[in-house]
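The values are calculated or read from the model by the stated rules, or taken from the named source; none is laboratory data. Please read all numbers here as calculations on a predicted model, not as lab measurements. Cβ placement follows ideal geometry from the backbone for every residue including glycine, while neighbour counts extend to all protein chains displayed. We work out accessible area using only protein heavy atoms, side chains counted, and drop any ligands, DNA or RNA first. Shrake-Rupley method; radii C 1.70, N 1.55, O 1.52, S 1.80 Å.
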Amino acid sequence: NSRDINHNISVKIINDILANKYGRPLTTDYLFDETVTFVMQRCSKKFAIELGYVILNSEVLLAKIDGIVLQEAWNLFEKNNTLSFTDCTSVAFIRTFGITHIATFDKEFYTIKGLNVINN
C-alpha cells in the first residue's frame, strides 16, 4: 500500500528477500491468512486476491503449521501476554526449524532471543 508509512522500506525488504539475501524465503499458512485478510480490510478484496496470487505463484515457500508447531505455539500463547496467537505460531515455527531472520515491523519480535528482525 503506497499510502502506508512503511511502504518504501517494505518494498526494499521484499526485494532483498526475493533476492535470497537471507536464505530461501518462506511464510506459513497462518501468515498468508493474516496477510490477505489484513490487506482486504485495509485496501480491498481485489488487491488481497492479487497479493495472494503473487505470493502463491512466487518462489516463497508456503509452510503449513503442523500439530507439533501448533502445540508449541499454544504453550507460548498461554504464557506470553504480548504476542497474538498467530505471532506465537511464527515463534514456534522459527524455533522448531532454526530460522534466524524475520521480516516484520512488530516490535514484539525484538524480544525473541536469537532472532534477527529485518525492518530496514
Based on alpha-carbon centroids, what's the gap between segment 1-78 and segment 79-103 in Å, whole number please? 14 Å
Report the dimensions of segment 20-68 along its three principal axes from the alpha-carbon atoms, largest first, rounded to Å. 30, 28, 16
If amide H atoms are modeled at 1.01 Å from N in the peptide plane, then the residues at a separation of 5 or more from ILE118, or on another chain, having amide H under 5 Å from its own are ILE102, ALA103, THR104
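Less than 13 Å Cβ to Cβ from CYS88, Lys/Arg counted +1 and Asp/Glu -1: what total charge do the surrounding residues give? Don't skip to the end; give the middle numbers.
Working: positive: LYS79, ARG95; negative: GLU34, GLU72, GLU78, ASP87, ASP106, GLU108.
Once positives and negatives cancel, what remains is -4.
If the chain between ASN8 and THR111 were fully stretched, how many nm would it gain, using 0.36 nm times the residue separation less the Cα-Cα distance?
Working: separation 103, 0.36 × 103 = 37.08 nm, distance 2.50 nm.
Computed gain between ASN8 and THR111 is 34.6 nm.
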Leaving out ligands and nucleic acids, and using a 1.4 Å probe, what accessible area per residue does segment 61-110 come to in Å²? 61 Å²
What is the distance, in nm, between label points placed 7 Å from the Cα along the Cα-to-Cβ direction at PHE47 and at ASP29? 2.8 nm
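Hey, what did segment 24-117 get for relative contact order, percent, Cα under 8 Å, at least 6 apart? Before the final figure, lay out each step's value.
On the way: 88 pairs, mean separation 22.7, N = 94.
It comes to 24 percent, rounded to a whole number.
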At 1.4 Å probe size, with the rest of the protein present, what percent of the exposed accessible area of segment 23-120 is carbon and sulfur atoms? 56 percent
Within 10 Å, count the other beta carbons around each residue, average over each peptide in 66-73, 49-56, 107-114, and list them highest first. 66-73, 49-56, 107-114
Label points 7 Å out from Cα along the Cβ direction at ASN1 and THR96: separation in nm? 3.0 nm
Can you list the HN-Hα couplings for segment 59-69, worked out from phi with the Karplus curve (6.51, -1.76, 1.60; θ = phi - 60°), rounded to whole Hz and with x for Gly and Pro? 7, 6, 6, 9, 9, 9, 6, 9, x, 5, 5
All lysines inside 28 Å of LYS12 as judged from Cα atoms, apart from same-chain residues fewer than 8 positions distant: LYS21, LYS45, LYS46, LYS64, LYS107, LYS113
5 angstrom amide H check on ASN80, placed H, neighbours 5+ away: none
In the chain, how does Rg compare with the Kirkwood Rh, expressed as the Rg/Rh ratio over alpha carbon atoms? 0.95
